[in-house]
Amino acid sequence: MDAHAISVLKGKYCNSLTTYSRLRTREVSLGDIALGGNNPIRIQSMTTTDTMNTIGTVEQTIRMVEAGCDYVRITAPSIKEANNLIEIKKELRLRGYKVPLIADIHFTPNAAEAAARIVEKVRINPGNYADKKRFDQIDYNAVEYQAELDRIYKKFAPLVKICKEYGTAMRIGTNHGSLSDRIMSYYGDTPRGMVESAMEFIRICESFDYHNLIISMKSSNPQVMIQAYRLLVETMNTEGMCYPLHLGVTEAGDGEDGRIKSAVGIGTLLEDGLGDTVRVSLTENPEFEAPVAIALVKRYLDRTASGLRLPTSGLISSTSIFSPYQYEKRHTAETNVFIGGHQVPRIVVDLSNENLKDPEILSDAGYSYSLLLDKYNISEQSVDLIYLGDELPSFNMPGNLKQLYNYRTWSLLSEKTNCHPLYSLSEYLSAELKDPTLNLVRISTADLNRTDFESLPLHKTLVFVLETTEDNGMADQRMFFFKMLEMDINAPVIVKRSYPKELFDGPFGDLMSPEEPVSKLQLYAGTDLGGLLIDGFSDGIWIDAPFLPIKNIVATSFGVLQATRSRISKTEYISCPSCGRTLFDLQETTQMIRSRTDHLKGLKIGIMGCIVNGPGEMADADYGYVGTGPGKITLYRGKEVVKKNVDAEDALNELIEIIREDGNWIDQNSAAQTDS
């Protein structure tokens, strides 16, 4: 952390890390719908229409409200669009809709000042509102830095005064991709820099006794986003503040990737008890975002009574052996160069209820059998272990695929190569026969309190399979890891989460799309498993959802590891959700780019509809494709502009050529491996 950074008091960002308790924040009103305090977690999204298209924007806003949005955000890139917000608001009111409107502002203070007189909330981005981003490194002394703060004060103060006069709320929305050169030079590209970018503006607001604030810390990298929000709350706490939080992962992408990445970021913070309003940013139509956000938030409704779980106040220290502000993987023993230690997290899938007479059953687990060659083709998303229970396959397995059997069945096998036992804790303690290489033991947090656990032999072949039946399963399993740290036990742990069919049934089905069970699995697993991985816990994951197809379980497993950046198995797309600034069809363009590049494992490609966050998000991507004018695309290598104003019809080929020149292109036919 930079020398200029403020010291952090560990653990003081949430009520509890080991049980659910929502943090009580200051209540802020937006029209008739308040957020923060004891209010429900609110849902919002953003229009994609041209703001000057009054009727089109109104009709899209209505679709978003009908889909479940409490608030709707509309871009106002200039004074012209800001002034048209009054026409949009009038038409909505004529049609009987009182939904609070939010004006989205980046570079134009005069547009913010106009919008603040019209709508219920304005969103400003500190990195763009009064600063610049040219990727310049600037050396400041204390006097020079204070002079910059004085300049920002003069530019920002008029908006604060207008918001206070009109009763307009404000979101101070820091974006990791648009931190200013000043912040980057002083604090670096860090969560601390994101927090300080917002805190400078918050302090100005407080100097005017203006407190109708909502704060966000968005990033396309869930790990950075989570650390920044946690650090923000801790920082506000030390300064006597507790403003409500807007949660979101920016440029999350579309489909499965967008849902899992959003769940990792948003869901982890919801588990921490943080968050007062949620926006899921998908490269899809905005009315599709609200059901996803609702599905995430629904899990935090009180299971014993209607309404939210009761919040508690007062921050407490979590633990002295865990820092939530920086990633550090739990140190574990490495078992036979396969699991634990420096190995990537392993994936287990349950095939015990499948047809084990045909090797084709393995195709959904990443192993496609060629009868002609008598070989398995192994994909980039091939699982590491399959659980077969008490069932024996009638075909030969791939040479690198490990099989798990219940202990009693395993003990009777005559050939145990690549076959390993799964014990209950009692079985393991009493077993006379153990595998010389790998022994997996099912365990729960409650088992750590059993008297016989003290007699458990901590052999180097031991791997725990951590299960939970608790309603707050993520918190329960996090408690397990804290206890393991306190007991100084370094055995690897595979985290297992079971999702029975009834968990996916509920009263919100009319808001969901037909593929909702799969979507919910992505959201739930992204939250439950992703949150632990983000905090450095878990050496493997096991998703048990017996009513869903194996291919969806496998894809979700790899998706969670990809979103947490703990195991890379495919291309990552950092694509924005579109808005009125967008200069091309984002959904169509994203799919076009994906169709040509989705075999480039490990590559990160940013796809931005406009320049607002483009250059900054390119810094987190290997390559970037950014709209810079009608029919014109600018291509990036990281944060460096490589080609400006390329015709859109040529841009993808030009991007591929840049990737090829860098030696990062591979032919699609080379993406598969073969096991002999």
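The values are calculated or read from the model by the stated rules, or taken from the named source; none is laboratory data. Predicted model only: the values in this text are computed from it and were never measured. Cβ sites come from the backbone with ideal geometry, for glycine too, and all protein chains shown count toward neighbours.
Below is a table of values for the structure above.
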{"quantity": "Tabulated pairs, region 349-366, first on the phi < 0 side of the Ramachandran plot and touching a residue at least 40 places away in the same chain (Cβ under 8 Å), second assigned to a strand (DSSP E or B) and surrounded by 15 or more Cβ atoms within 10 Å (Cβ to Cβ), C-beta under 7 angstrom, 6+ apart or interchain", "calculated": "Val349/Ile386; Asp350/Tyr387; Asp350/Asp544; Leu351/Ile386; Leu351/Tyr387; Leu351/Leu388; Ala365/Val349; Ala365/Ile386"}
{"quantity": "Counted residues, region 327-338 - those being surrounded by 15 or more Cβ atoms within 10 Å (Cβ to Cβ), of a type outside the set (Val, Ile, Thr) and closer than 19 Å to Gly531 by Cα", "calculated": "3"}
{"quantity": "Residue among Gly36, Gly68, Gly56, Gly31 that alone is free of Cβ contacts under 8 Å to residues at least 24 places away in the same chain and more than 14 Å from Ala115 (Cβ to Cβ)", "calculated": "Gly56"}
{"quantity": "Residue that is touching a residue at least 12 places away in the same chain (Cβ under 8 Å) and not in a strand (DSSP E or B), where the choices are Arg93, Arg117", "calculated": "Arg117"}
{"quantity": "Single match in Asp435, Asp471, Asp384 (criterion: under 26 Å from Pro500 (Cβ atoms) and either modelled with pLDDT of 95 or more or buried (at least 19 other Cβ atoms within 10 Å of the Cβ) (or both))", "calculated": "Asp384"}
{"quantity": "Test for Glu515: is it modelled with pLDDT under 90, surrounded by fewer than 17 Cβ atoms within 10 Å (Cβ to Cβ) and either closer than 26 Å to Gly68 by Cα or polar (S, T, N, Q) (or both)", "calculated": "yes"}
{"quantity": "Residue in region 138-149 that is farther than 28 Å from Leu247 by Cβ and buried (at least 16 other Cβ atoms within 10 Å of the Cβ) present", "calculated": "yes"}
{"quantity": "Filtered residues of region 460-502 (kept if among the charged types (D, E, K, R), in contact with a Ser or Thr (Cβ under 7 Å, 6 or more places away or on another chain), in contact (Cβ under 8 Å) with a residue 60 or more places away in the chain and assigned to a loop (DSSP other than H, G, I, E, B))", "calculated": "Lys460"}
{"quantity": "Residue count for region 389-439, restricted to those that are out of contact with any strand residue (DSSP E or B) (no Cβ under 7 Å at 6 or more places or on another chain), acidic (Asp, Glu), part of a loop (DSSP other than H, G, I, E, B) and over 17 Å from Val348 (Cα atoms)", "calculated": "2"}
{"quantity": "Residues satisfying the stated conditions in region 81-92, i.e. under 35 Å from the mean Cα position of the chain (by Cα) and either at positive phi or basic (Lys, Arg) (or both)", "calculated": "Lys89"}
{"quantity": "Matching entry among Thr277, Thr268 (being modelled with pLDDT of 90 or more and in contact with a His (Cβ under 7 Å, 6 or more places away or on another chain))", "calculated": "Thr277"}
{"quantity": "Helices (runs of 4 or more DSSP H) wholly inside region 571-676 that include at least 3 residues being modelled with pLDDT of 90 or more, surrounded by fewer than 17 Cβ atoms within 10 Å (Cβ to Cβ) and not basic (Lys, Arg)", "calculated": "648-661"}
{"quantity": "Lone qualifier among Met184, Met170, Met194 - being touching a helix residue (DSSP H, G or I) at 6+ places or on another chain (Cβ under 6 Å), among the hydrophobic types (A, V, I, L, M, F, W, C) and assigned to a helix (DSSP H, G or I)", "calculated": "Met194"}
